[in-house]
Amino acid sequence: MFHSWNPDPVGNHETNLRTLHPVLARVVQKTKADNPNLRFVIGSGRRDGRLQRMAVAWGWSRTQDSPHRTGRAVDLWPLDRESRISFDPQAQNRIAVALRKAAAELGVPIRWGGRFHGFKDMDRSHFELVPP
């Protein structure tokens, strides 16, 4: 299903990065720079209305009023050694640790979907800026 969403996640990474809120983009860039062996791409960044409706229909989101709509949320997808998407929970946890560390070093409050309560399977790929 994720191929329908983002048919070329590796090729679309930089484009998706540019759609993010600048503060969140800096956190993602720092995470990559500080962890060159941690392989991931932006699977979903800023979403227009059509994409958000699709995310709700697929069960990826519960609301039309997602922080993805403003670029204040990002879904990071792990890559395996062959640059294929792999939703391995351990890889997602490593990304979460690295991103939260980068955010803390930049003084940016971040919320991780892996700690959401009551959401189906948690949302290990999701990170969002904490509202001011």
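The values are calculated or read from the model by the stated rules, or taken from the named source; none is laboratory data. As the structure is a computational prediction, the values presented were derived from the model and not from experiment. Positions of Cβ are backbone-derived with ideal geometry, glycine not excepted, and every protein chain shown enters the neighbour counts. Ligands, DNA and RNA are stripped out before the accessible areas are found, and what is left, the full protein with its side chains, is counted by its heavy atoms. Shrake-Rupley method; radii C 1.70, N 1.55, O 1.52, S 1.80 Å.
Being under 16 Å from HIS13 (Cα atoms) and open to solvent by 30 Å² or more (accessible area, probe 1.4 Å) is the filter here; which residues of region 86-101 pass it? Within region 86-101, just SER86 meets the criteria. When each of ALA57, ALA104 is tested for being hydrophobic (A, V, I, L, M, F, W, C), at pLDDT below 95 and open to solvent by 50 Å² or more (accessible area, probe 1.4 Å), the lone residue that passes is ALA57. Every condition in (1) open to solvent by less than 70 Å² (accessible area, probe 1.4 Å); (2) among the charged types (D, E, K, R); (3) in contact (Cβ under 8 Å) with a residue 24 or more places away in the chain holds for ARG46 except the one numbered (1). Within region 91-102, residues that are more than 14 Å from ALA33 (Cα to Cα) reach partners that are of a type in the set (Gly, Ala, Ser) with beta carbons closer than 6 Å, at six or more positions or on different chains, in the pairs ALA96/GLY114.
Among the residues of this structure, LEU38 does not count as one that is closer than 21 Å to PRO109 by Cα and among the hydrophobic types (A, V, I, L, M, F, W, C). Checked against (1) at pLDDT 95 or above; (2) in contact with a Leu (Cβ under 9 Å, 6 or more places away or on another chain); (3) over 27 Å from PRO131 (Cβ atoms), SER86 passes all but condition (1).
State all residues of region 6-31 that are of a type in the set (Asp, Glu) and either open to solvent by less than 50 Å² (accessible area, probe 1.4 Å) or at pLDDT below 95 (or both); if no residue qualifies, say none.
Selection gives ASP8 alone.
Of the conditions (1) touching a Pro at 6+ places or on another chain (Cβ under 7 Å); (2) modelled with pLDDT under 95, ASP48 satisfies every one except a single condition; which number is it? Against the list (1) touching a Pro at 6+ places or on another chain (Cβ under 7 Å); (2) modelled with pLDDT under 95, ASP48 comes up short only on (1).
Here VAL41 passes the criteria (1) open to solvent by 20 Å² or more (accessible area, probe 1.4 Å); (2) under 22 Å from ARG81 (Cα atoms) except the one numbered (1).
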